Amino acid sequence: MAAPNIVGVTTITAKTALVRLGSTSETSLVSNAASSGKVLKINNIIVANVDGTSTATITITIWDTATVGSTNGTKLAHTISVPADSTLVALDKSAAIYLEEDRSIGVTASTADDLHVVCSYEEIS
């Protein structure tokens, strides 16, 4: 897994990923392809529970491949409760992480159609 030298950056592009979790299957939030020549600086991950009455849980996993679920993952958050009609800041800029080439972030909800996830990141090359 390579990543560009961030001292010699030529381009930083602001990006936002949006995912509505319509099932309880793991869904890709952000992926950095192998040999992309880029590193992704993940600034924040925010989870909103759009259900008006029920709590739902979120699991966020960092995978060692660009495809979620294909190898052993490392949990960033595991079954964290998000109360009805509220948001959870799972990661903020003060704890930003770098997603190197051939890595991805997947998100899993306990209940379908209750959670929306927003991820703000920078694509650095």
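The values are calculated or read from the model by the stated rules, or taken from the named source; none is laboratory data. What you see is a predicted model, and the numbers here were worked out from it, not measured in a lab. Every residue, glycine among them, receives a Cβ derived from its backbone with ideal geometry; neighbour counts consider all protein chains shown. Protein only, heavy atoms only, side chains kept; ligands, DNA and RNA dropped before computing areas. Shrake-Rupley method; radii C 1.70, N 1.55, O 1.52, S 1.80 Å.
Counting alpha carbon pairs within less than 8 Å and at least 6 residues apart, what relative contact order, in whole percent, applies to the chain?
47 percent
Would you kindly work out the equivalent ellipsoid of the chain from its C-alpha gyration tensor and give its semi-axes, the square roots of five times the eigenvalues, largest first in whole Å?
That gives 27, 15, 11 Å for the three semi-axes.
Tell me, what ³J(HN,Hα) does each residue in region 51-63 have, in order and in whole Hz, if you take phi through Karplus 6.51 cos²θ - 1.76 cosθ + 1.60 with θ = phi - 60° and put x for Gly and Pro?
Couplings: 7, x, 10, 10, 6, 10, 10, 10, 10, 10, 10, 9, 9 Hz.
Is there a quick way to get the dipole size of the chain? I mean about its Cα centre, with the Cβ of Lys and Arg at +1 and of Asp and Glu at -1; what is the value in debye to the nearest 20?
For this selection, approximately 220 debye.
Label region 57-125 by shape, choosing from rounded, prolate and oblate, from the square roots a ≥ b ≥ c of the eigenvalues of the Cα gyration tensor; if a/c is under 1.5 it is rounded, and otherwise prolate applies when a/b is larger than b/c, oblate when it is not.
Cα axes put region 57-125 in the oblate bin.
Got a sec to turn the phi values of region 28-44 into Karplus ³J(HN,Hα) couplings, 6.51 cos²θ - 1.76 cosθ + 1.60 with θ = phi - 60°, whole Hz, x for Gly and Pro?
Karplus-based 3J(HN,Hα) across region 28-44 equals 5, 9, 9, 9, 10, 4, 4, 6, 6, x, 10, 10, 10, 8, 7, 8, 7 Hz.
Give, as a single signed number, the net charge of other residues whose beta carbon lies under 11 Å from the beta carbon of residue 24, with Lys and Arg counted +1 and Asp and Glu -1.
The answer is -3.
State the percentage of accessible surface on the chain attributable to carbon and sulfur atoms; use a 1.4 Å probe and exclude ligands, DNA and RNA.
It is 50 percent, rounded to a whole number.
Is region 1-62 best put as rounded, prolate or oblate by its Cα gyration tensor, with a ≥ b ≥ c the root eigenvalues, rounded for a/c under 1.5, and otherwise prolate when a/b is larger than b/c, oblate when not?
Cα axes put region 1-62 in the prolate bin.
Given the peptides 83-90, 95-102, 10-17, 59-66, arrange them by the average over their residues of other C-beta atoms within 10 Å, most packed first.
Highest to lowest by the protection proxy: 59-66, 95-102, 83-90, 10-17.
Report, in cubic angstrom per residue, the convex hull volume of the C-alpha atoms of region 35-80.
So the per-residue Cα hull volume is 106 Å³.
Pick out, from 106, 49, 13, the residue whose Cα sits farthest towards the positive end of the charge dipole of the chain, with +1 on the Cβ of Lys and Arg and -1 on the Cβ of Asp and Glu.
Comparing the listed Cα positions along the dipole, 13 ranks first.
For the chain, report the accessible area per residue in Å² (1.4 Å probe, heavy atoms, rounded to an integer).
Result: 50 Å² per residue.
Given 0.36 nm per residue, what is the gain on full extension from residue 12 to residue 33 after removing their alpha carbon distance, in nm?
Between residue 12 and residue 33, full extension yields an extra 5.9 nm.
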